[in-house]
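K.L.:
Got a structure here, written out as structure tokens. Questions coming.
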There are 4 protein chains.
Amino acid sequence: MAKKNAREKLMQELLAPEYRLKCEYAIHIIELKLEMLMEQFYVECGRPVISNITSRIKTVDSIERKLRKKKLPIDFATAEGKLSDLVGVRATCFFEDDVYKLAERLMAQEDVTVIRKKDYIKKPKENGYHSLHLTVEVPIYTQEGCEKKRVEIQFRTVAMDFWAQLDYQLCYKKNIEEKTSQQIQKKLAKYADEMAGIDRQMMRLRRQIEKLGTNTETKEQPVE
Amino acid sequence: MAKKNAREKLMQELLAPEYRLKCEYAIHIIELKLEMLMEQFYVECGRPVISNITSRIKTVDSIERKLRKKKLPIDFATAEGKLSDLVGVRATCFFEDDVYKLAERLMAQEDVTVIRKKDYIKKPKENGYHSLHLTVEVPIYTQEGCEKKRVEIQFRTVAMDFWAQLDYQLCYKKNIEEKTSQQIQKKLAKYADEMAGIDRQMMRLRRQIEKLGTNTETKEQPVE
Amino acid sequence: MAKKNAREKLMQELLAPEYRLKCEYAIHIIELKLEMLMEQFYVECGRPVISNITSRIKTVDSIERKLRKKKLPIDFATAEGKLSDLVGVRATCFFEDDVYKLAERLMAQEDVTVIRKKDYIKKPKENGYHSLHLTVEVPIYTQEGCEKKRVEIQFRTVAMDFWAQLDYQLCYKKNIEEKTSQQIQKKLAKYADEMAGIDRQMMRLRRQIEKLGTNTETKEQPVE
Amino acid sequence: MAKKNAREKLMQELLAPEYRLKCEYAIHIIELKLEMLMEQFYVECGRPVISNITSRIKTVDSIERKLRKKKLPIDFATAEGKLSDLVGVRATCFFEDDVYKLAERLMAQEDVTVIRKKDYIKKPKENGYHSLHLTVEVPIYTQEGCEKKRVEIQFRTVAMDFWAQLDYQLCYKKNIEEKTSQQIQKKLAKYADEMAGIDRQMMRLRRQIEKLGTNTETKEQPVE
């Protein structure tokens, strides 16, 4: 009974328009910053650096599951205080060096406060997961004054994102035989390494091309 | 002089609002169809099949270059009649089988007339280029009646799209030494093969995962 | 009990992704058509004819209320068969003649089937409500073939829309004294007449201006 | 010759991506703030307060014309220093009191610096023009630090916006006979008064309705 009430109270607070408006505002601010950086880089490099940007507000189910897993109380204050990914934005770049350039430019902006940086590219997770995670705070201005809102931004390459699709499929499966699961985990980890290898050899080739000859004046996304 | 006039006349016709409005309408129609299919597949498969959709109207410069390369006269009628990619939409999918499923569903729609299908996935270009190209016609309804508008749709995987980024960089370079160019071309072709290999092994693993156990009920893009 | 079940079943069908996707597709198609017409008119007239476009899918609550009011059974088939406004789009124009021009162009498009036309501008409702209502059907193409989807499109002027804001406020009030209600209704009806008068005198003045002198070449939304 | 060069140099600077990106960023920030306020007001008042939001970056032609009219030198620094409307956003509200509430909330936000406020509602221009103009500065964060960008925000009611459509038509006419022009100006000024009258009587009626009875629980944009 108490458990049900806690969940319902949490749900009510997470669905309240005041909460959602602030989350959406924070998402829009980060998206806007990323889009502007993307445009700036296009002018500077003559090529797109971001393939796509996605975002999400963490669902009630997902918050509850995470709190439970971390053995934390199921309430709004705990969720806001302990989970840094209630609001999430993901930028998928073409190359690994673009990931770092983009993250650095964003962190250099005065109104972005970096709370935490976890580099799962330099030091991937055991399962093979690669991404650069930034937890940042951005100011939300309302008539009551200025409030800081936390956002987790994930930067990754298209190759890392492709890999993550499979990891994600697996993570929502249950009742899998232990042996099969281990087998798949092993394959996934191996493919993560291959992806990282491909990423780097492609980046090296790109740099080699960049140093070559001269550019023609007008560019356009080619259709072969 | 005549050359300059031909170019200017072509430019005028390509920048006329009547032409651009029809191109934009055709792009929006195809994008809308792809977005709806993406939603349908999400409901069916429980995972995203499209990573992103982009589009472009071919620029005057690019049209002129292509006509010149094909030794065709530089005028609007020739451009419209001979170039099938004046209006282009690109759908980048996660997996190769998604590319075919998506293309099939689109081709099955009554108001989409397939003019040509070029499968550069089954039979890649010599340089390593992989993509499935559809040239289709969609009806544009105006007060004067119904007009068919041609659109080239490119379907590819994120891996193929990543590769194409490099090919694109190279294709806008000039004054490159013959030897260097051949060296890079060779590397690109090799990487295209590797990408295709990765694509298939990832797809096989995805299918293996799909057959496993049972799904948990609610899904959400995970943040690790 | 039966009532509750009927409502829940209706809700389930109205929230099913298949239903919502088709509704959204129909909305997008109509919005796209209106936006293209808006652009065409801008090229033709040198001024914007549409102030804004909005849309909505009728909520479960609202559907249930309407079925109940019409003493119809509370089920999905009845809702789809008897209510023509499950999917609604509204185009707010600046001038009354723009309303008719826009509606005519839309109706002239081959893939738009007009089911019903109710002209509450020429013959306003008793309460003073002015708008032109079109019920149309547009084809939705899926892999199963072509399906017709019904959409109600409301065309009105900004003045009529302004008036409707008040009528809307009033319509969601309950427990109002009979005398007060009648008083307000009377005022509203009177203001509707005044609005219609303003609309026409403004339109006449616009036509007078249009016939005058010559246009300067470049136009831009002025900032005084 | 010098004149032509000045114009070309101005054009070059106004079309440079660095300039345009900052303008677009400023527009997006203001639009985002207005959209969030719109949502907040919807939660508070149960009705929409903004009918639509538009924006524009002032064109080269329009800047040149304005500098010339003010007998100022035709260069970028002068344009940036002396013209406060290079970047413009317009919010059209339903009611006059909404205009003030919205402007106040925006001005109360810490990161919005009000440079100037011109109230053409309380004190309309001679021709009848009504609007509330705010010139504000918002911070644009780039890797070089924080830069202030000026934006002119125009707040008006739908009735004032409707009127402005006609004024705008007239303002782009030339070679009009003096007598005819005066006649039309006079009519326009008269209609501006009528609009203001309508605006106030509608607002009074809205307030009368707001005080009445009780609200039904769920609201939806009605379709009559």
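The values are calculated or read from the model by the stated rules, or taken from the named source; none is laboratory data. Note that this is a predicted model, so its numbers are computed, not measured. Reconstructed Cβ throughout: ideal geometry from the backbone, glycine too, with neighbour counts over all protein chains shown. Protein only, heavy atoms only, side chains kept; ligands, DNA and RNA dropped before computing areas. Shrake-Rupley method; radii C 1.70, N 1.55, O 1.52, S 1.80 Å.
K.L.:
Among the listed residues A:173, A:149, A:179, identify the single one that is within 14 Å of chain D (Cβ to nearest Cβ) and either closer than 30 Å to residue B:157 by Cβ or basic (Lys, Arg) (or both).
P.N.:
A:149
K.L.:
Kindly indicate whether residue C:50 is of a type in the set (A, V, I, L, M) and within 30 Å of residue B:37 (Cβ to Cβ).
P.N.:
Yes, satisfied.
K.L.:
Residues of the stretch B:170-210 being more than 30 Å from residue A:165 (Cα to Cα) and under 21 Å from the mean Cα position of the chain (by Cα), which ones?
P.N.:
B:171, B:172, listed by residue number.
K.L.:
Among the residues of the stretch D:182-190, is there at least one that is under 19 Å from residue D:48 (Cα atoms) and more than 9 Å from every other protein chain (Cβ to nearest Cβ)?
P.N.:
Within the stretch D:182-190 (the criterion being under 19 Å from residue D:48 (Cα atoms) and more than 9 Å from every other protein chain (Cβ to nearest Cβ)), the answer is no, since none of the residues qualifies.
K.L.:
Moving on to the next point. Any residue that is in a loop (DSSP other than H, G, I, E, B), within 14 Å of chain D (Cβ to nearest Cβ) and closer than 14 Å to residue A:151 by Cα - is there at least one of those in the stretch A:39-50?
P.N.:
no
K.L.:
Provide a single number: the residues in the stretch D:119-143 that are more than 13 Å from residue A:111 (Cα to Cα) and without any contact (Cβ under 8 Å) to a residue 12 or more places away in the chain.
P.N.:
3
K.L.:
Can you tell me which residues in the stretch B:51-63 are more than 21 Å from residue C:27 (Cβ to Cβ) and part of a strand (DSSP E or B)?
P.N.:
B:51, B:52, B:54, B:56, B:57
K.L.:
Read through the list (1) assigned to a helix (DSSP H, G or I); (2) closer than 18 Å to residue B:32 by Cβ, then give the number of the only condition that residue C:165 fails.
P.N.:
Only one criterion is unmet by residue C:165, namely (2).
K.L.:
Something else: How many of the residues making up the stretch B:196-217 are surrounded by 15 or more Cβ atoms within 10 Å (Cβ to Cβ) and within 7 Å of another protein chain (Cβ to nearest Cβ)?
P.N.:
The qualifying residues number 8.
K.L.:
Another question, if that's okay. Can you find even one residue in the stretch A:162-175 that is of a type in the set (Asp, Glu), modelled with pLDDT under 95, open to solvent by less than 40 Å² (accessible area, probe 1.4 Å) and within 24 Å of residue B:50 (Cβ to Cβ)?
P.N.:
Scanning the stretch A:162-175 turns up at least one residue that is of a type in the set (Asp, Glu), modelled with pLDDT under 95, open to solvent by less than 40 Å² (accessible area, probe 1.4 Å) and within 24 Å of residue B:50 (Cβ to Cβ).
K.L.:
Separate question: Conditions: (1) in contact (Cβ under 8 Å) with a residue 40 or more places away in the chain; (2) open to solvent by 50 Å² or more (accessible area, probe 1.4 Å). Residue A:50 meets all but one. Number of the miss?
P.N.:
Just one mismatch for residue A:50, condition (2).
K.L.:
So if I check each of A:154, A:201, which one is in contact with a His (Cβ under 9 Å, 6 or more places away or on another chain) and either free of Cβ contacts under 8 Å to residues at least 24 places away in the same chain or not β-branched (Val, Ile, Thr) (or both)?
P.N.:
The unique qualifying residue is A:154.
Here's the yes/no breakdown for (1) under 14 Å from the mean Cα position of the chain (by Cα); (2) not aliphatic (A, V, I, L, M):
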| position | (1), (2) |
| --- | --- |
| B:117 | yes, yes |
| B:121 | yes, no |
| B:124 | no, yes |
| B:149 | no, yes |
| B:167 | no, yes |
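K.L.:
Also, I was wondering about something else. What's the total number of residues in the stretch C:20-32 that are over 16 Å from residue C:58 (Cβ atoms) and surrounded by fewer than 21 Cβ atoms within 10 Å (Cβ to Cβ)?
P.N.:
Total meeting the criteria: 3.
K.L.:
Which of the strands (runs of 3 or more DSSP E) contained wholly in the stretch C:76-146 include at least 1 residues that are within 14 Å of chain B (Cβ to nearest Cβ) and open to solvent by 10 Å² or more (accessible area, probe 1.4 Å)?
P.N.:
Those strands (runs of 3 or more DSSP E) span C:113-119, C:132-142.
K.L.:
Give the residue, chosen from C:58, C:70, C:9, that is open to solvent by less than 20 Å² (accessible area, probe 1.4 Å) and either basic (Lys, Arg) or at pLDDT 95 or above (or both).
P.N.:
Among C:58, C:70, C:9, only C:58 is open to solvent by less than 20 Å² (accessible area, probe 1.4 Å) and either basic (Lys, Arg) or at pLDDT 95 or above (or both).
K.L.:
So residue A:74 passes all but one of these: (1) within 30 Å of residue A:6 (Cβ to Cβ); (2) free of Cβ contacts under 8 Å to residues at least 60 places away in the same chain. Which condition number does it fail?
P.N.:
Unmet condition: (2).
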